[in-house]
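Everything on this sheet refers to the single structure shown next.
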Amino acid sequence: MLLPAVRSAARRLGRDLPLPCRGCSRGAAGKGLVLGIYSSEKDGGAAQFTSAGDAFDRLVSGRLRELVSTCGPPLKKGKTRIYHGLHQDFPSVVVVGLGKKNAGINDQENWNEGKENIRAAVAVGCRQIQDLEITCVEVDPCGDAQAAAEGAVLGLHEYNELKQKKKPVVTPQLHGSAESEAWQKGVLYAEGQNLARYLMEAPANYITPIKFAEHIEQKLKSFSNVKVHIRPESWIVTQQMGAFLSVAKGSAEPPIFLEIHYSGGANASDPPLVFVGKGVTFDSGGISLKPSSGMDAMRADMGGAATVCSAIVTAAALNLPLNIIGLAPLCENMPSGKANKPGDVVRAKNGKTIQVDNTDAEGRLLLADALCYAHSFNARAIVNAATLTGAMDVALGSAATGVFTNSSWLWNHLYEASVVTGDRVWRMPLFQHYTKQVTDSPLADLSNIGKYSRAGGACTAAAFLKEFVTASHWAHLDIAGVMSNKDEVPYLRKGMAGRPTRTLVEFAARLCQESHNST
Ligand code: BES
Ligand code: ZN
Ligand code: ZN
């Protein structure tokens, strides 16, 4: 069915009719092309192409502009229209609305709206090309090739490893030759997040502690300036990580302590950035068993480990000039005859005793020991990430990662990074008020839950971790709320989100620009 307006436009132009073909299901050979278009500044004004859109329109002698203006209402942000047969190299062209041209930093939303618009628009455009079973797509840089690449690579990602019927793999490429460095950077940032999504989405019987460690080792094997240590249980015992071991012993799957050293800095002795990630490859809750409904999502309870390790893989690929150490305590939290029992008391690496009042508050036990160990590296900053509390999800949902930090310097860097990536952070309190609620335990120095049970659950968990920190630049990122995506982030499909990998990478990249002294 051809719209009359299209017919008359084509007749006026005296050319063969290119067919706008929404939702067309025919398979098409050749490349797809995704072009952006801005909304008009004024109501009823003409839409504006990007410079790539303008150039393509000239190539097809103005036929694209003619079609866009005659075929339906102006394209709103994120809405698309498909044209077939406009150009022999590009049998299918998707034009997608980018919103306002002057969109930039939005102070209310705490992100760069222009970049977010590009990511979302490119993602939807690339998926349309994928639906047409075209396996190669050229993408308009839309004035910000990094954001465009992120939209393409994040938007196309899907975990279908274990399905016999798979969607066609689509390779996005930059349209034109300008901004290729920024495009490549965007590809690496997005691939980093996709690695975290992959590890989080994969079932827990595929990503066990050892499989997780081997996957990361494999990703890092080509870098001569990276060393990976896969520490076995015997090493964890010699380190006296009693809190971590108490969780691990409930499972038949042996624990692993993964340690990564990326030496990108000018000197091997430059104080490193230390990343620590909670790596619970499955959290059943242990003896304090979780309800069975939705328990499968706890395969992603290694999201902290996945995001920090993926950020290091990305930092290595970007060849960032700094040293980074990654630490990931990896184990399962299972109920068994050997598992922690409520009321058990365990001893962490720093000698502090912990009463395990709820075996489902296991993440803080792993992190307590990993944070103690993190202090042996003369760190420039220690940043840990963990799917730590359901309470974090209750507080902020998926809008932002909650950041608990003792350092405004660190906070500012994380915040600035997140404005650029759109993977936002929000500062949360580390008051003594919460500390008092975890240090009042009948049998031990600490309890692993707050004494007022659910109240301020994300804050009492952070206060617990603070008891294992003496470093002056430490941040705890509670990523439970951003662990998965339904449809909130338009450029991520439904599933495990791999957030905030890009923010961690951007943060590390920004640290490189800052001299040591100012810390
Ligand atoms: N892994 C969970 C937290 C979680 C919940 C992450 C939902 C992602 C989505 C954590 O180990 C946990 O179970 N925490 C308990 C703590 C409570 C017992 C104090 C929680 O949040 O309920
Ligand atoms: Zn738990
Ligand atoms: Zn957990």
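The values are calculated or read from the model by the stated rules, or taken from the named source; none is laboratory data. Nothing here was measured: the structure is a model prediction, and the numbers come from that model. For neighbour counting, all protein chains shown are included, and Cβ atoms are generated from backbone atoms with ideal geometry for every residue, glycine included. Surface accessibility is based on the protein's heavy atoms, side chains included, excluding ligands, DNA and RNA. Shrake-Rupley method; radii C 1.70, N 1.55, O 1.52, S 1.80 Å.
Things worth noting here:
- Cα-centre dipole for region 141-284 with unit charges at Cβ (Lys and Arg positive, Asp and Glu negative), debye to 20: 400
- With Cα atoms, 0 to 90° folded angle of helix 501-513 axis to the chain main axis: 80
- Isotropically averaged projected area of region 176-218, using the convex hull of Cα atoms (one quarter of hull area), nm²: 3.8
- Pairs of Cα atoms nearer than 8 Å and 6+ residues apart set the relative contact order; for region 412-511 it is 32 percent.
- Inter-probe distance in nm under a simple model that places probes 7 Å from Cα toward Cβ, at GLN240 and ARG510: 3.8
- Residue-span extension gain [ASP296 to SER180] - 0.36 nm each, minus C-alpha spacing: 37.7 nm
- Mean residue ellipticity (222 nm) of the chain, computed from DSSP H runs ≥ 4 via -39,500 (n - 2.57), nearest 500: -11000 deg cm²/dmol
- Summing charges over neighbours of HIS175, with a neighbour being any other residue whose Cβ is under 12 Å away from its Cβ, gives -3 when K and R count +1 and D and E count -1.
- All other residues whose Cβ lies under 15 angstrom from that of PHE56 are scored, Lys and Arg at +1 and Asp and Glu at -1, for a net of -1.
- Residues with amide H under 5 Å from that of ALA385, placed H, sequence gap 5 or more: VAL276, GLY277, LYS278, LEU477
- Summed residue charge, Cβ within 12 Å of THR439's Cβ, Lys/Arg positive, Asp/Glu negative: +1
- Listed residues TRP111, TRP474 arranged by accessible area, highest first, probe 1.4 Å: TRP111, TRP474
- Fraction of beta bridges assigned by DSSP in region 258-332 that are antiparallel (%, nearest 5): 45
- Per atom type, region 38-96 shows carbon and sulfur on 50% of its accessible surface, probed at 1.4 Å.
- Pairwise alpha-carbon distances in region 57-154 exceed 20 Å for 41% of all pairs.
- From phi via Karplus (6.51, -1.76, 1.60), per-residue ³J(HN,Hα) for region 368-382 in Hz, x at Gly/Pro: 3, 5, 5, 5, 4, 5, 4, 6, 8, 10, 6, 5, 5, 7, 10
- Here SER69 and LYS100 are evaluated by their C-beta separation; at R0 = 25 Å the FRET efficiency comes out at 0.85.
- Percentage relative contact order, the chain, counting C-alpha pairs under 8 Å, at least six apart: 14
- Note on GLU233: accessible area approximately 80 square angstrom, rounded to 10, probe 1.4 Å, nucleic acids and ligands left out.
- Spatial offset of region 242-274 relative to region 469-502 amounts to 20 Å, using the alpha carbon center of each.
- Alpha-carbon spread of the chain, three principal axes, descending order, Å: 87, 51, 44
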